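The values are calculated or read from the model by the stated rules, or taken from the named source; none is laboratory data. This is a predicted model, so every value here is computed, not measured. Every residue, glycine among them, receives a Cβ derived from its backbone with ideal geometry; neighbour counts consider all protein chains shown. The protein model used for the area step is the full one, side chains on, heavy atoms only, and it has no ligands, DNA or RNA in it. Shrake-Rupley method; radii C 1.70, N 1.55, O 1.52, S 1.80 Å.
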Amino acid sequence: MAEDTKLTTKKEKAKDIVLAVGRRKTAIARVKVAPGTGKFVINTQEIANPNRVYTEPLKKADFDQKVDCWIKVSGGGLSSQLEAIRLGISRAIIKMDPELKKTLKVEGFLTRDPRMKERKKPGLKGARRAPQWAKR
């Protein structure tokens, strides 16, 4: 009988967990948000005092001490990773409370930055750099 109660509580907890993905350039952040006390874990490393770019959506939505966040981020540089995390958290908050969408949209937290590195083209030295021109 005790095992049945453990299973139901695990299932109930799983319903509260919200998953979302944020991207920026080549950085990808997989975000898991659940009701809690404000714990932040990024790539298995717990952040004691999170007060960076990625906590802005939580502060605007007044969720900063109400949810726990587990984040796996890879690719890109530090700045791109932070913006990917911010987008992922914003998308997760909207799944939890759809009424906050307008608030986050006005702040620009839901806009995915589409800028990426341009690919190299054949016959050129880089994306646009042509070989040096020689008169003879």
Selection count, region 54-89, where residues are under 11 Å from the mean Cα position of the chain (by Cα) and among the hydrophobic types (A, V, I, L, M, F, W, C): 9
Residue tally, condition within 17 Å of Gln81 (Cα to Cα) and aromatic (Phe, Trp, Tyr), over region 98-136: 1
Qualifying residues in region 26-62 (those that are in contact with a Phe, Trp or Tyr (Cβ under 7 Å, 6 or more places away or on another chain) and of a type in the set (Val, Ile, Thr)) - the one least open to solvent (accessible area, probe 1.4 Å): Val41
Verdict on Ala130 being open to solvent by 100 Å² or more (accessible area, probe 1.4 Å) and of a type outside the set (Asp, Glu): no
Filter result for Lys66 (among the basic types (Lys, Arg) and farther than 21 Å from Lys25 by Cβ): yes
Residue satisfying condition, being closer than 13 Å to Gly22 by Cβ, assigned to a helix (DSSP H, G or I) and open to solvent by 40 Å² or more (accessible area, probe 1.4 Å), within set Arg91, Arg112: Arg91
